[in-house]
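Below is one structure, written out as structure tokens, with a few remarks after it.
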Amino acid sequence: MAEVAQEVPPIEQLFNPNSGEYLENPIPQCLALAGRAPIVWYEPWQAWIVTRMPDILECWHKEPLSSDFYDWEFAPARPPEDQWSNFERAMIGHSLLADPEHHRLIRKVVSPAFSRNVVDAIQAKIEPEVKKLFDELGEPEVFDYKEKISNHIPFISITRMVGIPEKYWSEIKDVIMTFTETWNPTISDERREAARQNCNKAIDIIKEVIAERRDAPEQDDFLSTLLKIEQENDKFVEGDIITLILALIGAGSDTTLVAQQWAVYSLLKNDRDQIPKALASAEAFSNAFSEINRWGVSSKMGFARYAPRDMEFMGQQLRKGVMVLMMPHLKDHDPEYYENPEKFDVERVFDPDVMFGYGPRYCIGAALAKRQLFLTMTELFSRFPDVELAEEPEKDLEDHNAIVFKRLMLKTNCK
Ligand code: HEM
């Protein structure tokens, strides 16, 4: 019998991460997109979407596409060098976005800054601050976890990690919270520009901190480690330190905020026997963190890349500068990928585990992110063993990048 060609609705009718339906339940939309084809043109974002894991892994691993925001066809034009503000100076030719060869060199030379010892030392500084947050909270009957705890964590960890002295904290706080907006391709030009202005201020502060640290080196933090690396490698210069710190702020703030909220929500929403299993050890929690990330499906746009030239890619002709989004989260509730995907199981096996990316751009901050979340969750559940959700939290339509909650009210049951 001859096959009848079926009319399929345009994908934007089935998949829209800015819709209320996606916020309430992204799973049917993710499955619809993944079922459409391995690579799909998404008109509203003028972007191709890579939907399936083998292709995403290959793309992560071999890097046929550019990670440089300035290669995007709609990115602001690169101004001439004599008109560069701090922002362009830091972002054009960004160490972590630049050509793969320079990127690999930077990753190699900075690896001592992410060694076990340095992460341990940073962790030791963050721990008392997290305890202090809980001390200040006291023992209320009900509290908003976002307002009282999670909103403070990125700021605490970035300032302690980099070693930014207290006198700069009030100035740098807003920047840390809005920094990723400077390169988000899906928001308005005005909003990106405001974030860019903020970023310019931050760079001035970072330069001052670096100058001070040069006069008083050998402190036990990331910046001192980077300054030592600078002395030993003539291809690693102050500009690289600044862009690296900005990358840490950018990559480490929003991700931490999202992870904090979904960790609490998923542990409280599911069977309580999962909580002791998740918190049994740092290793157990590391796996639980991947399950939290899978079960929650919080991502809206995945990871952006740009065609560096007119090229063929996965059987499609890409125009120079077009955006290509990799969306590993589309698989997260696919029954062909995970057995019983609706079940929250902190002992689920992930192979490969791609929560922190894969290949040459694997997350630099993975160890730190896991340790800081483990620390906060352990603190929460040891202070309030019977804590529960006080209400089903409402999702926040405004967030530019992820599904998050407007507030996360918890009932402590401690009295
Ligand atoms: C829950 C927390 C986090 C998650 C889920 C996460 C996830 C990821 C993923 C998936 C990538 C690869 C992105 C891509 O291929 O485009 C990445 C890269 C990166 N992450 Fe994280 N991250 C987290 C926290 C952090 C923290 C706390 C830091 C800094 C301290 C950090 C620093 C970075 C940096 C600098 C990169 C870019 C690496 C490169 O291009 O070589 N991340 N992260």
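Would you check if there is a residue in the stretch 348-366 being within 30 Å of LYS131 (Cα to Cα) and in a helix (DSSP H, G or I)?
Looking through the stretch 348-366, at least one residue is within 30 Å of LYS131 (Cα to Cα) and in a helix (DSSP H, G or I).
Looking only at the stretch 257-281, count how many residues are in contact with a Ser or Thr (Cβ under 7 Å, 6 or more places away or on another chain) and of a type in the set (S, T, N, Q).
Result for the stretch 257-281: 2.
For the stretch 331-341, give me each residue that is closer than 17 Å to PRO28 by Cβ and either assigned to a loop (DSSP other than H, G, I, E, B) or at pLDDT below 95 (or both).
ASP332, HIS333, ASP334, PRO335, GLU336, TYR337, TYR338, PRO341 - these are the residues of the stretch 331-341 that are closer than 17 Å to PRO28 by Cβ and either assigned to a loop (DSSP other than H, G, I, E, B) or at pLDDT below 95 (or both).
Checking the structure you have, find out if any residue of the stretch 312-330 is outside any loop (DSSP other than H, G, I, E, B), over 15 Å from the mean Cα position of the chain (by Cα), under 30 Å from VAL118 (Cβ atoms) and more than 16 Å from the ligand (Cβ to nearest atom).
No; the residues of the stretch 312-330 include none that is outside any loop (DSSP other than H, G, I, E, B), over 15 Å from the mean Cα position of the chain (by Cα), under 30 Å from VAL118 (Cβ atoms) and more than 16 Å from the ligand (Cβ to nearest atom).
Could you please find all residues in the stretch 358-375 being more than 6 Å from the ligand (Cβ to nearest atom) and of a type in the set (A, V, I, L, M, F, W, C)?
Listed by number, the residues that qualify are ALA366, ALA367, LEU373, PHE374, LEU375.
Looking at (1) in contact with a strand residue (DSSP E or B) (Cβ under 7 Å, 6 or more places away or on another chain); (2) within 15 Å of the ligand (Cβ to nearest atom); (3) of a type outside the set (Phe, Trp, Tyr), which is the only condition LEU105 fails?
Among (1) in contact with a strand residue (DSSP E or B) (Cβ under 7 Å, 6 or more places away or on another chain); (2) within 15 Å of the ligand (Cβ to nearest atom); (3) of a type outside the set (Phe, Trp, Tyr), LEU105 violates only (1).
Have a look at LEU279, LEU257 and point out the one that is within 30 Å of LYS207 (Cβ to Cβ), within 23 Å of the chain's Cα centre (by Cα) and surrounded by fewer than 23 Cβ atoms within 10 Å (Cβ to Cβ).
Working: LEU279 fails: within 30 Å of LYS207 (Cβ to Cβ).
Residue meeting the stated conditions: LEU257.
Considering only residues that are over 17 Å from VAL209 (Cα atoms) and either of a type in the set (D, E, K, R) or part of a helix (DSSP H, G or I) (or both), which ones fall in the stretch 235-253? Break it down into steps so the answer makes sense when it comes.
Restricting attention to the stretch 235-253, the residues satisfying the condition of being over 17 Å from VAL209 (Cα atoms) are 235-236, 250-253.
Those that are over 17 Å from VAL209 (Cα atoms) and either of a type in the set (D, E, K, R) or part of a helix (DSSP H, G or I) (or both): LYS235, GLY250, ALA251, GLY252, SER253.
Regarding the stretch 251-273, can at least one residue be identified that is without any contact (Cβ under 8 Å) to a residue 12 or more places away in the chain and either more than 28 Å from SER170 (Cα to Cα) or within 13 Å of the ligand (Cβ to nearest atom) (or both)? Step through it out loud before you land on a result.
Restricting attention to the stretch 251-273, the residues satisfying the condition of being without any contact (Cβ under 8 Å) to a residue 12 or more places away in the chain are 272-273.
Applying the additional criterion that residues be either more than 28 Å from SER170 (Cα to Cα) or within 13 Å of the ligand (Cβ to nearest atom) (or both) yields 272-273.
Looking for residues that are without any contact (Cβ under 8 Å) to a residue 12 or more places away in the chain and either more than 28 Å from SER170 (Cα to Cα) or within 13 Å of the ligand (Cβ to nearest atom) (or both), one finds at least one in the stretch 251-273, hence yes.
Being surrounded by 15 or more Cβ atoms within 10 Å (Cβ to Cβ), under 26 Å from PRO100 (Cα atoms) and touching a Cys at 6+ places or on another chain (Cβ under 9 Å): is that true of PHE356 here?
yes
Between a residue in the stretch 52-69 that is closer than 24 Å to PRO335 by Cβ and within 11 Å of the ligand (Cβ to nearest atom) and any residue that is modelled with pLDDT of 95 or more and among the β-branched types (Val, Ile, Thr), which pairs come within a Cβ distance under 6 Å, given they are 6 or more apart or on different chains?
Pairs that qualify, where the first residue is closer than 24 Å to PRO335 by Cβ and within 11 Å of the ligand (Cβ to nearest atom) and the partner is modelled with pLDDT of 95 or more and among the β-branched types (Val, Ile, Thr), are ILE56/VAL50.
The values are calculated or read from the model by the stated rules, or taken from the named source; none is laboratory data. On a predicted model such as this, the values are computed, not experimentally measured, just so you know. Every residue, glycine among them, receives a Cβ derived from its backbone with ideal geometry; neighbour counts consider all protein chains shown.
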